[in-house]
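Structure first, commentary second.
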């Protein structure tokens, strides 16, 4: 903390700049009358605070106070301009009146909406960059654990791949693949740069702004390459105490495989052995275990939230409490979160202060193994329990059930992993407005998390040939901290038709993490309970460990916004970041951006009746990414090795460098160009936004797999691996219309994205990983496999399948085996016959939202779709193998002489010929359309409930993921691949769940 | 007035603004030594060379998978593993060349070992030592092990990249021929011999010795049929200055058990231990194992995992010749676990009566049935990678190839005598001075003495038995896996495909 305070000192850079803006600018009026009045909203007749009132054509103006009251001295013939964010601007001629009370109507098109842009706000109509806004109502409709999940389908260019595991973090990708290391954007919560983990309560969100292009995100410089998500939490509003109570309960279902039962399994299994000329195993046909039934269950989610908010003339508060509980769809999995938040603010004269603080306790009971895979690898003939095995669970046995599959029930009962953390996240801010145009803001943020992970391993086995393991207990405690100090000075002033906003600032952020862990093996059992002691203080062989790290980021930033006459807009940003994650020569990076906009519809020559607003904008920006480990640029010595010497066979220590490192790591740099058009038609009933962007990411930081011949082990060293270019087009089309009490709102958004590898950091032209090839000039991670060409139907066909020189290409094949294409015509099938056969990237993705309301009823739904991607179905590559015993898909009809008309090859236990993983047999069309959300709400009319002291009541019924239209044969077409090069590999990822929710919300 | 207030307030604001010291941007790693901070003291050099020895405990090498490549791929062993891909790699069904357990991991661990040797060789010369002798010994050990790992890699893959400097992430080393690799092995060993000690003190037993380097040098010359050079190398051990340090131990079985390790017969021995603090996996953590898993993988079903077992022709071969007392060759007893163990020797298998199929056999060398009833992942039994009996038989082979057949007999006889077998002359009088007949018999003598000790694959290659269909057909009668063997192809492994694809300086073998 001492160090933290030491940061507070002199900072002179701003001072001279400040002086420039302090030049007096005052108009002394003559022949004036004092006008007073109250400004209220048309709807609800609520006084509006902060409405700007200007004498037209001058800078003479004022603002309403908290009661909506204003006083202004103007000439008797003046015209007053009332403007307020989100409301339609109104002009009133004074005409000698001394009291002018007006009502302002909300601007439903919300072109005047205020958008948080990082270290400040902007009016949406003045935006010159790509920013999406998502409102709290949209988010809170859904039953989600993390805020990332809630964004799916709600904004163009934002792709979310969620997971249904309790407490699982979703991944979010803004405008495609820009960074190979991690696609996750930067989160800024109330000005605190952080991550939106599962321990953040999405109910507290007031609004989310997604900064998508470089010009928008540039103010966050080196960490903004993946885009920025700015979250503003709810604040209190002036008025009496407002209480909101909401409660949601959901049930969740995991999609299921259609797997064989014992009878069908045994028939296929026997056929595979017989075809191989081997003795079939002695299957225990008396068992018929449905492993999915054993492992999966109906999940249950409850989400209860209560908030209190209000405020007086000079202060506001918002207090909320939340409990979120999720009993997982897999046995032994659970997530619980309890969170509290207090947001307050106060004002006196030119000073205002505030704080936002959230306390969260989150706890996950994790499952072990991968049940999504394990239920497939276990045979139905294996019993769940088998007293003959250590620990008492059934699993493979040679000659009886030839599988190394993990009994998922056993592993989950024998291993108990729990993870919990307590997080405090908050910020304190203070502002001084010495004059109305100038504002200094100090923002101090602090976040800390106390993490605790425990693992109990009981004695017992879950798979064939498992070495007998001693029971152990492991406990891991860690603490992370993040400290942020930001100083910003902003100047905002209109000079006639010119409006200038200027921001300068400096920030300091440091983070640290420290962990200790301890394990005891051969732990003892508490004789009174029969359970193991879950504490490190009991008997056993102990091992301890730990590590710590620290990072620092120092930044300088500036932004100039200028607009002239609501027609010409300019926005320029500069940020300079220095990071401890790079070596001395590469610590600093500069990140500039510039964007321009032209509002055509405000030009005097522009006079198209149908067009209510038209803006063209263009931007250029450079962003960075230094999202790597704290010491990745340094090679380190591993001192854990041991070597045995001597007649006593003693272990002596050893040390060496095991993992390689790139000392010359540089900032990754995103250079992005963006052109956009915003168009509103027919009195804002139709809104169209179209964007085209070219984003080139240079020196992508990524741990590209390197050659084994380097002798590297322990992970691939981070390198400036590649330069990648993404080009994309986003179109969003919205339609709003009201017919009396019926309101309709529909929008569709389409995103296309193509990426291309410009160069590799190794200087080579191509890179291979798994079944993919990444070539300069082509998209990353294209499928590169052997191609199948039907099945051989007879020995004659095998013999006749020759290369042009007459060589029999597959002499070992038998009827029913797959025919592979001999692409290079050399008479054999091997790796050089591989070709690019498809792309894991969708041609376009689609989002469709619509909502309608009539009287108290509200209906909304959201569809997402993805088209054109080719994906690898690992599930099928396991269950359709037959050389390795697993359970099989129900209903498969393999080739037999009696069943020749099939594309399913003969099944045979002894060879991997038909089942090799590097062929197009396992590639599938990954197209899908999914009903992501559908909901129905009913608002009880206030008269009916008023007598109970309730302002309003709302009921909601909703469902998620209930309809999916796809030909994909895996569990869920909406999955996350393991890494960027194997983007389309569905490797038994946890699927999205079908969720049915009921919610009720009271407002007092 | 407002302005004055403002001017009074501003300096106050400025006071609380942050001034950042940019030194904060330097964060030293508090957890580990940076590479630049290491390799400065004698102790660093010792730790560095020890890490080379630690490579024996990796799964790709002498803890697990290399036995699949050397013992099971040869006609001595095979795999009935239900893991079909694992078994396929012992019977020449190579489909996915990246298969990690069958190919990639052994390749990776070989270069991991080479990287460690190269670090020592590049950095230790710059360290000041109080004793130049100690420094030279460390450098010589590094050369010995670089040679050892390249020797086995050249046996397995033949034409491979030769890396002689510490690696960088973007290295794309050039492929060299087997001959060039062997030339480097010869150079490293020749240099290592100069400074390696003849013997180490009791605390350092297990380190590379002069004799070990001579023996390995003999092997690499023999693989190239450089018989004269091979003889020169082996002379030191057999007839020269070093010979007094070695002898055959009285009890054959003492070469394969956890007791009586590092004995007189041991020329180079891999040191394994069952260290209770090191019962993790074969990785780089503080609990990483220093044991071998061979016995677990090669034990009969129900005792271990039985991923590898012995071909039964070995049993038959032992039974072809009685010992001087008219009994069975006692080496059978200590070499193999087989169906007639109880009948022939009154022996149970790990305390169990025979419960496996007739005609099945497993390797008994390095198994721990002499004191346990099941196997585990942490066997402490040292691997006698080069033992003196092997050296004597190598020497005999070299003499025979140099047309000194009559001189060669004594060394074969010395090995046979320990097993209470008659002299070769009396048992096989027909051989006489017929070089070919002697060689043919020597091939079998090597099997009887050394089966299951990972030498057979190199032997078959050296003898040219894998080079023509006729001799492969003979082998296939002993081991039907060789029906899959394609002459001109399967004498070497395919290079892991990712390596070939991502290294423009490396080509896949054309036959693959």
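Quick one: which residue in B:449, B:499 is over 30 Å from residue A:766 (Cα atoms), touching a residue at least 40 places away in the same chain (Cβ under 8 Å) and crowded, with 20+ Cβ neighbours inside 10 Å?
Answer to the selection: B:449.
Counting only strands (runs of 3 or more DSSP E) wholly contained in segment A:34-90, the ones carrying 1 or more residues that are in contact with a strand residue (DSSP E or B) (Cβ under 8 Å, 6 or more places away or on another chain), under 26 Å from residue A:684 (Cα atoms) and at pLDDT 75 or above occupy A:52-55, A:79-83.
Which residues, taken from segment A:358-380, are in contact with a strand residue (DSSP E or B) (Cβ under 6 Å, 6 or more places away or on another chain) and either in a loop (DSSP other than H, G, I, E, B) or buried (at least 17 other Cβ atoms within 10 Å of the Cβ) (or both)? Talk me through it step by step, then tell me what you get.
Step one: list which residues in segment A:358-380 are in contact with a strand residue (DSSP E or B) (Cβ under 6 Å, 6 or more places away or on another chain), which gives A:358-368, A:371, A:379.
Passing the criteria: A:358, A:360, A:362, A:363, A:364, A:365, A:366, A:367, A:368, A:371, A:379.
Would you confirm, using the coordinates I've provided, whether residue B:466 is under 25 Å from the mean Cα position of the chain (by Cα) and within 24 Å of residue B:323 (Cα to Cα)? In short, no. Of note, residue B:232 satisfies the criterion of being at pLDDT 95 or above, away from chain A (no Cβ under 11 Å) and over 23 Å from the mean Cα position of the chain (by Cα). Here B:510, B:494 are screened, and the one residue that is assigned to a loop (DSSP other than H, G, I, E, B), out of contact with any strand residue (DSSP E or B) (no Cβ under 9 Å at 6 or more places or on another chain), within 14 Å of chain A (Cβ to nearest Cβ) and surrounded by 19 or more Cβ atoms within 10 Å (Cβ to Cβ) is B:494.
Scanning segment B:250-275 for residues that are farther than 9 Å from residue B:206 by Cα and at the interface with chain A (Cβ under 7 Å from one of its Cβ atoms) yields a total of 3.
Restricting segment B:279-290 to residues that are over 19 Å from residue A:542 (Cβ atoms) and at the interface with chain A (Cβ under 9 Å from one of its Cβ atoms), which is surrounded by the most Cβ atoms within 10 Å (Cβ to Cβ)? So, considering only residues that are over 19 Å from residue A:542 (Cβ atoms) and at the interface with chain A (Cβ under 9 Å from one of its Cβ atoms), the one surrounded by the most Cβ atoms within 10 Å (Cβ to Cβ) is B:290. Scanning segment B:1-42 for residues that are more than 7 Å from every other protein chain (Cβ to nearest Cβ), in a loop (DSSP other than H, G, I, E, B) and modelled with pLDDT under 85, we see that the one that is nearest to the chain's Cα centre (by Cα) is B:21.
Scanning segment B:363-393 for residues that are away from chain A (no Cβ under 14 Å) and over 30 Å from residue B:209 (Cβ atoms) yields one hit, B:369.
Collect the residues in segment B:394-432 that are under 19 Å from residue B:332 (Cβ atoms) and either within 14 Å of another protein chain (Cβ to nearest Cβ) or assigned to a loop (DSSP other than H, G, I, E, B) (or both), keeping them in residue-number order. Selection gives B:419, B:420, B:421, B:422, B:428. Tell me which residues, restricted to segment A:579-630, are within 14 Å of chain B (Cβ to nearest Cβ) and assigned to a loop (DSSP other than H, G, I, E, B). Result: A:580, A:581, A:582, A:583, A:587, A:626, A:628, A:629, A:630.
Is one or more of the residues making up segment A:692-702 within 14 Å of another protein chain (Cβ to nearest Cβ), under 30 Å from residue B:153 (Cβ atoms) and within 21 Å of the chain's Cα centre (by Cα)? Checked against the condition, which is being within 14 Å of another protein chain (Cβ to nearest Cβ), under 30 Å from residue B:153 (Cβ atoms) and within 21 Å of the chain's Cα centre (by Cα), segment A:692-702 yields at least one hit. Every condition in (1) more than 27 Å from residue B:302 (Cα to Cα); (2) free of Cβ contacts under 8 Å to residues at least 24 places away in the same chain holds for residue B:114 except the one numbered (2). Can you tell me which residue in segment A:896-931 is surrounded by the fewest Cβ atoms within 10 Å (Cβ to Cβ), limited to those that are more than 24 Å from residue B:90 (Cα to Cα) and within 14 Å of chain B (Cβ to nearest Cβ)? Restricting to residues being more than 24 Å from residue B:90 (Cα to Cα) and within 14 Å of chain B (Cβ to nearest Cβ), the top hit is A:921.
Considered as a group, the residues in segment A:879-895 that are away from chain B (no Cβ under 13 Å) and under 15 Å from residue A:378 (Cα atoms) include one that is surrounded by the most Cβ atoms within 10 Å (Cβ to Cβ), and that residue is A:887.
This table checks each residue for (1) touching a helix residue (DSSP H, G or I) at 6+ places or on another chain (Cβ under 7 Å); (2) crowded, with 18+ Cβ neighbours inside 10 Å; (3) modelled with pLDDT under 90.
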| residue | (1), (2), (3) |
| --- | --- |
| A:738 | no, no, yes |
| A:745 | no, no, yes |
| A:753 | no, yes, yes |
| A:761 | no, yes, yes |
| A:767 | yes, yes, yes |
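The set of residues in segment A:372-410 being in contact with a helix residue (DSSP H, G or I) (Cβ under 6 Å, 6 or more places away or on another chain) and without any contact (Cβ under 8 Å) to a residue 60 or more places away in the chain consists of A:406 alone. Return the total of residues in segment A:541-578 being within 12 Å of chain B (Cβ to nearest Cβ) and more than 29 Å from residue A:669 (Cβ to Cβ). So the count comes out to 8. A single entry from A:427, A:421, A:452, A:443 fulfils the requirement of being in a strand (DSSP E or B), more than 10 Å from chain B (Cβ to nearest Cβ) and free of Cβ contacts under 8 Å to residues at least 40 places away in the same chain: A:452. Scanning segment A:645-665 for residues that are more than 7 Å from chain B (Cβ to nearest Cβ), outside any strand (DSSP E or B) and surrounded by fewer than 20 Cβ atoms within 10 Å (Cβ to Cβ) turns up A:648, A:659, A:663, A:664. Of all residue pairs spaced 6 or more apart or on separate chains, those with beta-carbon atoms under 6 Å, a first member in segment A:145-159 that is at positive phi and a second member that is assigned to a loop (DSSP other than H, G, I, E, B) and modelled with pLDDT of 75 or more are A:157/A:212.
Condition check: closer than 22 Å to residue B:287 by Cβ and either more than 8 Å from chain A (Cβ to nearest Cβ) or under 28 Å from the mean Cα position of the chain (by Cα) (or both). Does residue B:65 satisfy that? Criteria met by residue B:65.
Residue-wise test of (1) within 11 Å of chain A (Cβ to nearest Cβ); (2) buried (at least 18 other Cβ atoms within 10 Å of the Cβ); (3) closer than 21 Å to residue B:197 by Cα; (4) touching a strand residue (DSSP E or B) at 6+ places or on another chain (Cβ under 9 Å).
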{"residue": "B:91", "(1), (2), (3), (4)": "yes, yes, no, yes"}
{"residue": "B:101", "(1), (2), (3), (4)": "no, no, no, no"}
{"residue": "B:106", "(1), (2), (3), (4)": "yes, yes, no, no"}
{"residue": "B:110", "(1), (2), (3), (4)": "yes, yes, no, yes"}
{"residue": "B:120", "(1), (2), (3), (4)": "yes, yes, yes, yes"}
{"residue": "B:129", "(1), (2), (3), (4)": "no, no, yes, no"}
{"residue": "B:134", "(1), (2), (3), (4)": "no, no, yes, no"}
{"residue": "B:138", "(1), (2), (3), (4)": "no, yes, yes, no"}
{"residue": "B:145", "(1), (2), (3), (4)": "no, yes, yes, no"}
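Among the residues of segment A:791-812, those that are in a loop (DSSP other than H, G, I, E, B) and surrounded by 13 or more Cβ atoms within 10 Å (Cβ to Cβ) comprise A:792, A:793, A:794, A:801, A:803, A:807, A:809, A:810. Here residue B:484 does not qualify as surrounded by fewer than 20 Cβ atoms within 10 Å (Cβ to Cβ), farther than 20 Å from residue B:401 by Cα, more than 21 Å from the chain's Cα centre (by Cα) and free of Cβ contacts under 8 Å to residues at least 40 places away in the same chain.
The values are calculated or read from the model by the stated rules, or taken from the named source; none is laboratory data. Here the structure is a predicted model, which means the values were calculated and not measured. A quick note on method: Cβ atoms are made from the backbone with ideal geometry, for glycine too, and the neighbour counts reach across all protein chains shown.
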